[in-house]
1. Out of Val139, Val63, I need the residue that is surrounded by fewer than 10 Cβ atoms within 10 Å (Cβ to Cβ), at pLDDT 85 or above and not aromatic (Phe, Trp, Tyr). Which one?
2. List, please: which pairs have Cβ atoms under 6 Å, are six or more places apart or on different chains, and start with a residue in the stretch 60-75 that is touching a residue at least 60 places away in the same chain (Cβ under 8 Å) and closer than 15 Å to Leu123 by Cβ and end with one that is part of a strand (DSSP E or B) and among the hydrophobic types (A, V, I, L, M, F, W, C)?
3. Kindly indicate whether any position in the stretch 1-9 is surrounded by 12 or more Cβ atoms within 10 Å (Cβ to Cβ), under 18 Å from the mean Cα position of the chain (by Cα) and either modelled with pLDDT of 80 or more or of a type in the set (Phe, Trp, Tyr) (or both).
4. Looking at the stretch 44-56, can you tell me whether even one residue there is surrounded by 10 or more Cβ atoms within 10 Å (Cβ to Cβ) and more than 20 Å from the chain's Cα centre (by Cα)?
5. Between a first residue in the stretch 83-109 that is on the phi > 0 side of the Ramachandran plot and in a strand (DSSP E or B) and a second residue that is surrounded by 10 or more Cβ atoms within 10 Å (Cβ to Cβ) and at pLDDT 85 or above, which pairs have beta carbons less than 7 Å apart while being 6 or more apart in sequence or on different chains?
6. Scan the stretch 68-103 residue by residue and report those that are surrounded by 10 or more Cβ atoms within 10 Å (Cβ to Cβ), under 19 Å from Asn37 (Cβ atoms) and not aliphatic (A, V, I, L, M).
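The values are calculated or read from the model by the stated rules, or taken from the named source; none is laboratory data. Note that the structure is a prediction, hence the values are computed from the model and not measured. Heads up, the Cβs are rebuilt from the backbone with ideal geometry, glycines too, and the neighbour counts pull from every protein chain shown.
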Amino acid sequence: MATLVRYNNFPTFFNPFYTRPVINRYHNSTPNVPAVNVKENEAGYLLELAAPGLKKEDLKINVENNKLTIGYQSEAKTEETTDKFTRHEFGFSSFERSFRLPKTVNADAIKAAYTDGILTVELPKVELKEEKLVKEITVA
């Protein structure tokens with residue numbers, strides 16, 4: 001889980017008596033996690049993740065131990081070279097969301113599509129067979 005931490009972007013010279021704790025210096029005030037809508041119907045669950053401007057090749061979705069994880073990781077690099085200088089710039093963007101799946105979800109039939117900036121993940125339900133709670137044991 002991500003912890004949201006407030007961050008004051010004003011330099012400390014505005015108020016010399018104000019100092020931020022060390023832990024807040026490296027945290028951003030806006031979380032880098034997209035919003036998710038979860039809908040349930042008779043056939044299953046539908047996740048809609050708002051992720052405009054992303055490449056579908058960089059999206060990773062996996063299920064492990066009944067936990068669905070949706071992640072994105074992208075790295076951009078640019079380089080400019082002239083006679084007097086060389087400039088290297090790079091950027092890194094990522095997020096990860098995890099969801100605990102109910103036992104009624106068929107993990108083998110999960111489908112995902114990315115259209116118009118919305119990642120849609122379909123989680124179909126499967127009927128659970130009722131297990132007998134009473135079991136007779138014979139004495140040998």
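1. Details: Val63 fails: surrounded by fewer than 10 Cβ atoms within 10 Å (Cβ to Cβ).
Within the list Val139, Val63, the selection yields Val139.
2. Here the result reads Ile61/Ile70; Ile61/Ala112, each pair linking the stretch 60-75 to a residue that is part of a strand (DSSP E or B) and among the hydrophobic types (A, V, I, L, M, F, W, C).
3. Within the stretch 1-9 (the criterion being surrounded by 12 or more Cβ atoms within 10 Å (Cβ to Cβ), under 18 Å from the mean Cα position of the chain (by Cα) and either modelled with pLDDT of 80 or more or of a type in the set (Phe, Trp, Tyr) (or both)), the answer is no, since none of the residues qualifies.
4. Checked against the condition, which is being surrounded by 10 or more Cβ atoms within 10 Å (Cβ to Cβ) and more than 20 Å from the chain's Cα centre (by Cα), the stretch 44-56 yields at least one hit.
5. Listed by first residue and then by second, the contacts come to nothing, as the list is empty.
6. If we filter the stretch 68-103 for residues that are surrounded by 10 or more Cβ atoms within 10 Å (Cβ to Cβ), which is where we start, we get 68-75, 93-99, 101-102.
So of that shortlist, the ones also under 19 Å from Asn37 (Cβ atoms) come out as 68-72, 95-99, 101-102.
Across the stretch 68-103, the qualifying residues are Thr69, Gly71, Tyr72, Phe95, Glu96, Arg97, Ser98, Phe99, Pro102.
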